[in-house]
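Q: Before we start, here is the structure in question, set down as structure tokens.
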């Protein structure tokens with residue numbers, strides 16, 4: 001699994017530059033096509049190294065869409081005030097609706113056709129997405145370029161975006177806070193909660209229902225941010241994000257006192273609900289500070305930082321679960337998230 005993240009880490013920024021130079025739509029379609037091929041190949045192959053190569057291909061393909069898809073949307077809606085927040089709220093609800101449904105469909109398909117059938121389903125889901133996006137609009141003017149000029153432009157675009165991000169008084173701290181947050185929240189995912197709930201007697205077959213319940217909650221959580229965040233100012237968005245991180249950390253820390261299954265499940269579901277409500281506001285806040293011509297590449301810089309945090313955190317988390325157990329590992333992760341909340345509180349309003 002780490003090989004997929006490592007592949008994404010290596011190729012993230014150059015492919016983001018391709019999206020900024022040649023169009024976000026083209027980049028997303030290329031990425032989805034590569035991922036589709038990678039997932040389809042998993043149906044036909046066996047053995048550790050062939051599977052690892054397929055996952056490297058999937059990771060590579062994901063970099064074409066990771067920053068480009070969001071940049072594509074923002075450029076379409078940015079002139080209409082508040083529409084970006086509407087998009088992030090509704091898209092998150094749609095995504096989690098799909099997760100809720102797929103849990104049940106997946107159980108049926110695997111029961112009928114075996115575990116490998118999931119790769120065929122994944123392949124066709126990408127084909128459907130590609131077909132739908134072919135008809136989507138995009139604001140991009142195509143230019144003629146030679147191969148040499150293309151290579152130089154991609155290199156220059158990458159260099160400019162990295163420099164812009166590192167020098168920007170807000171983006172730099174968003175990236176620092178983001179790295180800390182991704183690193184710490186990895187302590188509270190399936191790698192830790194699965195063995196912890198098993199220790200409390202949660203049956204293995206019921207995890208599918210738990211993931212569906214989490215997806216169901218996440219359908220409604222984005223609307224919380226829309227309801228409670230009346231103002232679109234930098235300060236209000238920033239404080240909402242910081243407060244949400246703080247509340248999520250406090251709820252998660254209660255795992256130290258969870259000695260029965262009901263209490264543990266309550267902590268899991270409530271922390272997920274609060275954390276998921278931050279996503280629309282966080283995405284709107286992030287895009288406030290990015291110029292259109294660098295949007296996809298800087299989005300890829302952000303994705304690369306998140307990927308690095310996951311690559312580093314997973315082996316550490318696995319070791320900690322083995323040494324001190326999942327309960328204390330989850331609690332430590334909740335404390336590690338606090339610096340990201342402090343950073344968001346300390347960021348100053350940006351003066352152009």
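The values are calculated or read from the model by the stated rules, or taken from the named source; none is laboratory data. For clarity, every value in this text was computed on a predicted model and none was experimentally measured. Here Cβ is always computed from backbone atoms with ideal geometry, including for glycine, and neighbour counts include all displayed protein chains.
Q: If the requirement is being crowded, with 21+ Cβ neighbours inside 10 Å, assigned to a helix (DSSP H, G or I), touching a helix residue (DSSP H, G or I) at 6+ places or on another chain (Cβ under 7 Å) and at pLDDT 90 or above, which of these qualifies: 281, 255?
A: On the way: 281 fails: at pLDDT 90 or above.
Unique residue meeting the criteria: 255.
Q: When you look at residue 211, is it modelled with pLDDT under 85, in a helix (DSSP H, G or I), surrounded by 15 or more Cβ atoms within 10 Å (Cβ to Cβ) and in contact with a helix residue (DSSP H, G or I) (Cβ under 7 Å, 6 or more places away or on another chain), yes or no?
A: Working: modelled with pLDDT under 85: yes; in a helix (DSSP H, G or I): yes; surrounded by 15 or more Cβ atoms within 10 Å (Cβ to Cβ): yes; in contact with a helix residue (DSSP H, G or I) (Cβ under 7 Å, 6 or more places away or on another chain): yes.
Judged against the criteria, residue 211 is a match.
Q: With respect to the numbered conditions (1) assigned to a helix (DSSP H, G or I); (2) closer than 28 Å to residue 191 by Cα, which one is the sole condition not fulfilled by residue 238?
A: It fails just one condition, (2).
Q: Let me ask something additional. Quick one: what pairs do we get from segment 97-108, first residue free of Cβ contacts under 8 Å to residues at least 40 places away in the same chain, second part of a helix (DSSP H, G or I), C-beta under 6 Å, 6+ apart or different chains?
A: none
Residues checked against (1) surrounded by fewer than 18 Cβ atoms within 10 Å (Cβ to Cβ); (2) without any contact (Cβ under 8 Å) to a residue 24 or more places away in the chain; (3) more than 18 Å from residue 59 (Cα to Cα):
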position: 290; (1), (2), (3): no, no, yes
position: 297; (1), (2), (3): no, no, no
position: 303; (1), (2), (3): no, no, no
position: 308; (1), (2), (3): no, no, no
position: 312; (1), (2), (3): yes, no, no
position: 343; (1), (2), (3): no, no, yes
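Q: Ok, one more. Show the residue pairs meeting these rules: Cβ distance below 9 Å; 6+ apart or different chains; first residue within segment 134-160 and surrounded by 13 or more Cβ atoms within 10 Å (Cβ to Cβ); second residue in a loop (DSSP other than H, G, I, E, B) and modelled with pLDDT under 75.
A: That search, which allows pairs on different chains as well, returns 153/145.
Q: Which of the helices (runs of 4 or more DSSP H) found entirely inside segment 26-143 contain at least 2 residues meeting this: closer than 19 Å to residue 8 by Cβ?
A: Here the list reads 48-66, 68-77, 117-134.
Q: Evaluate segment 320-330: report whether one residue or more is within 27 Å of residue 222 (Cβ to Cβ), in contact with a helix residue (DSSP H, G or I) (Cβ under 6 Å, 6 or more places away or on another chain), at pLDDT 90 or above and buried (at least 20 other Cβ atoms within 10 Å of the Cβ). Walk me through how you get there before you give the answer.
A: Of all residues in segment 320-330, those within 27 Å of residue 222 (Cβ to Cβ) come to 330.
Add one more test, that the residue is in contact with a helix residue (DSSP H, G or I) (Cβ under 6 Å, 6 or more places away or on another chain), and what stays is 330.
Narrowing the set further to residues that are at pLDDT 90 or above leaves 330.
Remaining after also requiring buried (at least 20 other Cβ atoms within 10 Å of the Cβ): 330.
Yes: one or more hits.
Q: Of all residues in segment 336-347, which are touching a helix residue (DSSP H, G or I) at 6+ places or on another chain (Cβ under 7 Å) and in a helix (DSSP H, G or I)? Explain how you work it out, then say what you get.
A: Pass one, segment 336-347, residues touching a helix residue (DSSP H, G or I) at 6+ places or on another chain (Cβ under 7 Å): 336-341, 343-345, 347.
336, 338, 339, 340, 341, 343, 344, 345 - these are the residues of segment 336-347 that are touching a helix residue (DSSP H, G or I) at 6+ places or on another chain (Cβ under 7 Å) and in a helix (DSSP H, G or I).
Q: Looking at 336, 250, 246, 278, which one is out of contact with any strand residue (DSSP E or B) (no Cβ under 8 Å at 6 or more places or on another chain) and without any contact (Cβ under 8 Å) to a residue 60 or more places away in the chain? Before the answer, list the steps.
A: On the way: 336 fails: without any contact (Cβ under 8 Å) to a residue 60 or more places away in the chain; 250 fails: without any contact (Cβ under 8 Å) to a residue 60 or more places away in the chain; 246 fails: without any contact (Cβ under 8 Å) to a residue 60 or more places away in the chain.
Of 336, 250, 246, 278, the one residue that is out of contact with any strand residue (DSSP E or B) (no Cβ under 8 Å at 6 or more places or on another chain) and without any contact (Cβ under 8 Å) to a residue 60 or more places away in the chain is 278.
Q: With 2, 19, 54 as the choices, which residue is at pLDDT below 80 and surrounded by 19 or more Cβ atoms within 10 Å (Cβ to Cβ)?
A: The conditions single out 19.
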